[in-house]
Amino acid sequence: MNQQGAWSQWAAGRIGAIHDADQWRAPRVFDAAGPIGTLTASQQQVVSFASNDYLGLSQHPAVRAAAVEAIGRWGTGSGASRLVVGSRPVHHALEHALAQWRGTEAAVVFPTGFAANLGVLSTFAGPDVHVFSDSLNHASIVDGCRLARAGGATIHVYDHLDLESLEAGITAVAGARCMVVTDVAFSMDGDVADVAALIDLCARHDALLVLDEAHSVLQEIPVVPLDPTTGAPTALVVQVGTLSKTLGALGGFVAGPRPLIDLLVNRARSYIFTTAVSPADAAAALAALGILTSAEGAQLRAHLRTLVDMILPDHPTPIIPIVVGEERRAVEASQSLLAMGLLVPAIRPPSVPPGSSRLRVALSAIHTEAQVAELATALSRLPGGTP
């Protein structure tokens with residue numbers, strides 16, 4: 001058999017296995033600007049509860065206008081990596097604004113949040129580093145840990161949100177350089193880490209804390225306490241985030257102490273060897289950040305809080321999972337909602353562990369209370385559909 005035949009046979013086998021497991025997936029074409037749009041295949045108009053555009057800023061007139069203006073000035077692409085010639089004034093303005101927003105000395109923008117996590121973990125974790133990662137961390141952190149392991153780091157996965165297990169693990173390697181990495185808000189379960197407790201733990205053990213804030217639109221990151229003697233922060237914290245969710249654009253960022261950010265610029269392969277985020281996305285994110293930190297942003301977050309409470313009172317995030325268990329049941333529940341004009345995706349393995357397939361409701365500040373009330377009623381009619 002020639003090589004082309006061998007590869008074709010391999011691909012057919014892998015595809016067949018996915019079909020046999022009833023896990024075949026393909027992107028659907030959704031013609032929409034905001035939560036209401038049309039599924040092209042069926043021409044059905046639906047309300048989407050699937051987007052991570054949590055404040056609806058991708059549709060804000062000022063954000064869209066900023067992107068258009070940037071295209072008029074700089075064109076559609078950056079043309080190169082940041083260190084070659086791909087850096088425009090808007091990238092630097094955005095980084096300055098991100099650092100101010102996150103209360104850090106500096107920030108650096110990556111093409112995606114995924115690339116940001118790869119850069120942080122592969123740069124800061126080396127042969128003498130022990131990395132402690134929450135068991136439900138995002139795939140970008142998991143892959144970053146794999147890169148760190150390839151670079152000689154030792155990886156420890158601690159039970160989800162179990163800080164006693166985490167501290168025991170760090171204590172067991174006392175004297176080694178340690179890094180703790182965790183999502184702040186977990187993208188499939190919608191629960192949150194105890195960041196204040198993590199800061200305290202890392203301060204006591206002199207561990208670097210990496211916080212992925214991608215989904216933490218309703219969370220305020222606690223201020224790191226200062227040492228009363230030196231006035232320096234008691235813990236070393238690096239904040240990773242995206243421009244594509246709360247800010248409604250595309251890209252990722254890392255904010256933290258100046259030396260660590262400078263090190264990323266000089267050593268993170270996912271920053272150095274890739275084309276810079278487009279000027280339009282950088283300008284859109286900068287405009288969105290201005291809105292987020294204004295009175296209008298506070299109003300959007302308050303409205304989002306109200307919508308979350310309509311489905312699940314006091315839930316900490318706009319991500320509301322409805323775990324049904326079997327994959328087929330999750331798919332059937334999603335299809336039932338779609339028949340009512342409500343797009344709520346079924347999340348199945350490998351995105352979640354086997355036996356924990358679920359509906360994943362994602363709310364946005366540009367949903368109306370009437371739309372969310374309709375969703376709440378529809379969910380209550382599903383077998384086991386109440387969150």
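The values are calculated or read from the model by the stated rules, or taken from the named source; none is laboratory data. Computed from a predicted model, the values in this text were never measured in an experiment. Every residue, glycine among them, receives a Cβ derived from its backbone with ideal geometry; neighbour counts consider all protein chains shown.
For the range 296-331, a residue qualifies if it is modelled with pLDDT of 95 or more and of a type in the set (Asp, Glu), and the qualifying residues are Glu296, Asp309, Asp314. Taking first residues from the range 108-120 that are more than 20 Å from Ser133 (Cα to Cα) and partners that are hydroxyl-bearing (Ser, Thr, Tyr) and in a helix (DSSP H, G or I), the Cβ contacts under 8 Å between residues at least 6 apart in sequence or on separate chains come to Val108/Tyr271; Phe110/Ser270; Phe110/Tyr271; Pro111/Ser270. If you take the residues of the range 133-146 that are surrounded by fewer than 19 Cβ atoms within 10 Å (Cβ to Cβ) and among the hydrophobic types (A, V, I, L, M, F, W, C), which of them is nearest to His215 (Cα to Cα)? Checking each candidate, the answer is Ala139.
Of the candidates Ser334, Ser351, the single residue that is assigned to a helix (DSSP H, G or I) and among the small types (Gly, Ala, Ser) is Ser334.
Name every residue in the range 271-296 that is crowded, with 22+ Cβ neighbours inside 10 Å and assigned to a loop (DSSP other than H, G, I, E, B), in order of residue number. Please lay out each step first, then the result.
Going residue by residue through the range 271-296, those that are crowded, with 22+ Cβ neighbours inside 10 Å are 271, 276-289.
Within the range 271-296, Ala276, Val277, Ser278 meet the criteria.
Can you find even one residue in the range 174-187 that is more than 21 Å from Ala203 (Cα to Cα), out of contact with any Ser or Thr (no Cβ under 6 Å at 6 or more places or on another chain) and surrounded by 23 or more Cβ atoms within 10 Å (Cβ to Cβ)? Within the range 174-187, one or more residues are more than 21 Å from Ala203 (Cα to Cα), out of contact with any Ser or Thr (no Cβ under 6 Å at 6 or more places or on another chain) and surrounded by 23 or more Cβ atoms within 10 Å (Cβ to Cβ).
Residue by residue, here is whether (1) surrounded by fewer than 16 Cβ atoms within 10 Å (Cβ to Cβ); (2) within 15 Å of His367 (Cα to Cα); (3) modelled with pLDDT under 95 holds:
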| site | (1), (2), (3) |
| --- | --- |
| Thr38 | yes, no, no |
| Tyr54 | no, yes, no |
| Gln59 | no, yes, no |
| Val63 | no, no, no |
| Ala70 | no, no, no |
| Ala80 | yes, no, no |
| Ser87 | no, no, no |
| His96 | yes, no, no |
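Are there any strands (runs of 3 or more DSSP E) wholly within the range 85-158 with 2 or more residues that are closer than 24 Å to Glu220 by Cβ, and if so which? Hits in the range 85-158: 106-110, 129-134.
Could you count how many residues in the range 257-270 are of a type in the set (A, V, I, L, M) and in a loop (DSSP other than H, G, I, E, B)? Give the steps one after another, and end with the answer.
Filtering the range 257-270 down to residues of a type in the set (A, V, I, L, M) leaves 260-261, 263-265, 268.
When the remaining residues are screened for being in a loop (DSSP other than H, G, I, E, B), the result is 268.
Number satisfying all stated conditions: 1.
Take the conditions (1) out of contact with any strand residue (DSSP E or B) (no Cβ under 7 Å at 6 or more places or on another chain); (2) surrounded by 15 or more Cβ atoms within 10 Å (Cβ to Cβ); (3) among the β-branched types (Val, Ile, Thr); Thr306 misses just one of them, which is (2).
If you check Leu226, Leu236, Leu250, which single one turns out to be over 23 Å from Ser78 (Cβ atoms), surrounded by fewer than 24 Cβ atoms within 10 Å (Cβ to Cβ) and either in contact (Cβ under 8 Å) with a residue 12 or more places away in the chain or among the β-branched types (Val, Ile, Thr) (or both)?
Leu236
For the range 79-94, give me each residue that is of a type in the set (D, E, K, R) and under 15 Å from Ala284 (Cβ atoms).
In the first step, residues of the range 79-94 are kept if they are of a type in the set (D, E, K, R); the result is 82, 88.
Of everything in the range 79-94, just one residue is of a type in the set (D, E, K, R) and under 15 Å from Ala284 (Cβ atoms), namely Arg88.
Check the range 270-277 and report whether any residue there is over 18 Å from Ser87 (Cβ atoms), in the same structural domain as Gly77 (by TED's automatic domain parsing) and either in contact (Cβ under 8 Å) with a residue 60 or more places away in the chain or not basic (Lys, Arg) (or both). Within the range 270-277, not a single residue is over 18 Å from Ser87 (Cβ atoms), in the same structural domain as Gly77 (by TED's automatic domain parsing) and either in contact (Cβ under 8 Å) with a residue 60 or more places away in the chain or not basic (Lys, Arg) (or both).
Scanning the range 6-26 for any residue that is touching a Gly at 6+ places or on another chain (Cβ under 9 Å) and under 21 Å from Ala333 (Cα atoms) turns up nothing.
Would you point out the residue of the range 40-78, among those that are without any contact (Cβ under 8 Å) to a residue 24 or more places away in the chain and in contact with a Lys or Arg (Cβ under 9 Å, 6 or more places away or on another chain), that is nearest to Ala284 (Cα to Cα)? Please lay out each step first, then the result.
Initially, the range 40-78 is screened for residues without any contact (Cβ under 8 Å) to a residue 24 or more places away in the chain, giving 40-43, 61, 72.
Right, trim to in contact with a Lys or Arg (Cβ under 9 Å, 6 or more places away or on another chain) and you get 40-41.
Values: Thr40: 27, Ala41: 30 Å.
Going through the qualifying residues, I end up with Thr40.
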